[in-house]
Amino acid sequence: MSLSQPEAFARIRLLRSPRIGPVSYAQLLARFGTAVEALEALPDLGKKGGSTYRPAPLGKVEREVEEVRRAGAKYLFHDQPDYPALLAEIGGAPPIITYRGDLSLASKPCVAMVGARNASAAAVKLARDFAQGLAAEGFTVVSGLARGIDGACHEGSFPRTIGVIASGIDIAYPPQHTDLQERIAGEGLLIAEQPPGTEPRGSHFPSRNRIIAGLAGGTLVVEAAVKSGSLITARLAGEAGREVMAIPGSPLEARSHGCNHLIREGAVLVQAPEDVAELMRGFDGQPRSTFREASQNYDYAPEDFAEAEPADIASLLTTAPVAVDELIRQSGAGAAAVQLALLELEIAGRLERHAAGRVSLK
């Protein structure tokens, strides 16, 4: 798909506008057809939701485009042919990403590998060896450029590796991985969802993790504690209907408890790169792992959404999260009408979206 320059610019501006996330972005495009028309409609939608609304300033977006160009990066939009097919399947997939490097790596069979930042020396070596073995088997290894396991996975799989970062494409994090990040951008593929110049914040890492899980047919956890970002990535992979794998460890080692927990809850136990390769080659969309069933997010037809009138559902909402399909049942309105009402509330700053398709008032 070839986007006109005005539409591409409008899409960037739309996504950078206040309170516009992947879900509301997709709904606005479904409703209005183009980002140009959606931007024109935003103030009126905000007014209907009970608030004054201003889209992102033109100058701010112009500076961003220049910064992306200066960083040697490019934009990729959700409906362009090169957008990774598996990533497009997940709920709330990033509508726009920036990247440096070989984008074709994302269209090859991918395995995500994640694990502890404060990993043991043995686990770091194991991660490097697994990544090297998977790359030799023809897989692209996806990870998050963190210290410990992530870094070892990238190093072992060069040049068949994808680094997904929680910062802007021009920000190296952690600082000790500056050279590694530059090498990934030069020899592999570097992907960012955040605008250039954005320093990583805590809320960015779960968003980054969903991209890591979304790019791959399966996620392998090498070593991790029970409460860790690695298990968030595994959960997201499970919810997306992807394979979840883990390497077992000693029950005496706290850093192994996360992997052992995953296996107990249904992740597939693997002990060699060949185990992973066999699982992934036989993957047909029905994972052997039973760790977390896919979440049931209510879907809607874009053509229905375009014709809908908003439902009156504000009175059904409280600060307690509730599933959108529950709102549809209780209101008696159509799915698209409920989604449009939620969109107006979100643009007005009155709605908060939660995991698994739930919403609440702020």
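The values are calculated or read from the model by the stated rules, or taken from the named source; none is laboratory data. Not measured: the values here are computed from a predicted model. In this analysis, Cβ positions are derived from the backbone assuming ideal geometry, glycine residues included, and neighbour counts consider all displayed protein chains. Calculation scope for accessible area: heavy atoms of the full protein, side chains included, ligands and nucleic acids excluded. Shrake-Rupley method; radii C 1.70, N 1.55, O 1.52, S 1.80 Å.
Summary table below
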| read-out | value |
| --- | --- |
| From Ile97, Ile90, residue being out of contact with any strand residue (DSSP E or B) (no Cβ under 7 Å at 6 or more places or on another chain) and either among the charged types (D, E, K, R) or touching a residue at least 40 places away in the same chain (Cβ under 8 Å) (or both) | Ile90 |
| Scope the range 1-26; condition free of Cβ contacts under 8 Å to residues at least 60 places away in the same chain and assigned to a helix (DSSP H, G or I); matching residues | Gln5, Pro6, Glu7, Phe9, Ala10, Arg13, Leu14 |
| Filtered residues of the range 29-59 (kept if farther than 21 Å from Lys362 by Cα, assigned to a helix (DSSP H, G or I) and either more than 24 Å from the chain's Cα centre (by Cα) or among the aliphatic types (A, V, I, L, M) (or both)) | Leu29, Ala30, Phe32, Ala35, Val36, Glu37, Ala38, Leu39, Glu40, Ala41, Leu58, Gly59 |
| Residues being over 21 Å from the mean Cα position of the chain (by Cα) and crowded, with 22+ Cβ neighbours inside 10 Å - total across the range 274-288 | 1 |
| The range 133-149, residues that are part of a helix (DSSP H, G or I) and either surrounded by fewer than 19 Cβ atoms within 10 Å (Cβ to Cβ) or among the small types (Gly, Ala, Ser) (or both) | Gly133, Ala135, Ala136 |
| Complete set of residues in the range 202-246 that are of a type in the set (S, T, N, Q) and touching a residue at least 40 places away in the same chain (Cβ under 8 Å) | Ser207, Asn209, Thr219, Ser228, Ser230, Thr233 |
| Candidate set: the range 326-362, residues that are assigned to a loop (DSSP other than H, G, I, E, B) and not hydrophobic (A, V, I, L, M, F, W, C); chosen: the one least open to solvent (accessible area, probe 1.4 Å) | Gly349 |
| Given (1) closer than 28 Å to Glu67 by Cα; (2) not in a loop (DSSP other than H, G, I, E, B), index of the condition Met113 fails | (1) |
| Conditions (1) under 14 Å from the mean Cα position of the chain (by Cα); (2) open to solvent by 30 Å² or more (accessible area, probe 1.4 Å): number failed by Thr219 | (2) |
| Single unsatisfied condition, Tyr53 versus (1) surrounded by fewer than 15 Cβ atoms within 10 Å (Cβ to Cβ); (2) touching a residue at least 12 places away in the same chain (Cβ under 8 Å); (3) more than 19 Å from Glu193 (Cβ to Cβ) | (1) |
| Residues that are assigned to a helix (DSSP H, G or I), modelled with pLDDT of 95 or more and not charged (D, E, K, R), drawn from the range 183-208 | Ile184, Ala185, Gly186 |
| Residues satisfying the stated conditions in the range 200-216, i.e. in contact with a Ser or Thr (Cβ under 6 Å, 6 or more places away or on another chain) and either surrounded by 22 or more Cβ atoms within 10 Å (Cβ to Cβ) or charged (D, E, K, R) (or both) | Asn209, Ile212, Ala213 |
| Index of the failed condition, Gly266 passing every other in (1) part of a helix (DSSP H, G or I); (2) more than 22 Å from the chain's Cα centre (by Cα) | (1) |
| Members of the range 60-84 found to be open to solvent by 90 Å² or more (accessible area, probe 1.4 Å) and assigned to a loop (DSSP other than H, G, I, E, B), listed by number | Pro81, Asp82 |
| Residues of the range 223-243 that turn out to be hydrophobic (A, V, I, L, M, F, W, C), under 14 Å from the mean Cα position of the chain (by Cα) and either open to solvent by 20 Å² or more (accessible area, probe 1.4 Å) or closer than 15 Å to Met280 by Cβ (or both), as a count | 4 |
| Residue check for Ala106: open to solvent by less than 20 Å² (accessible area, probe 1.4 Å), out of contact with any Cys (no Cβ under 9 Å at 6 or more places or on another chain) and over 28 Å from Glu199 (Cα atoms) | no |
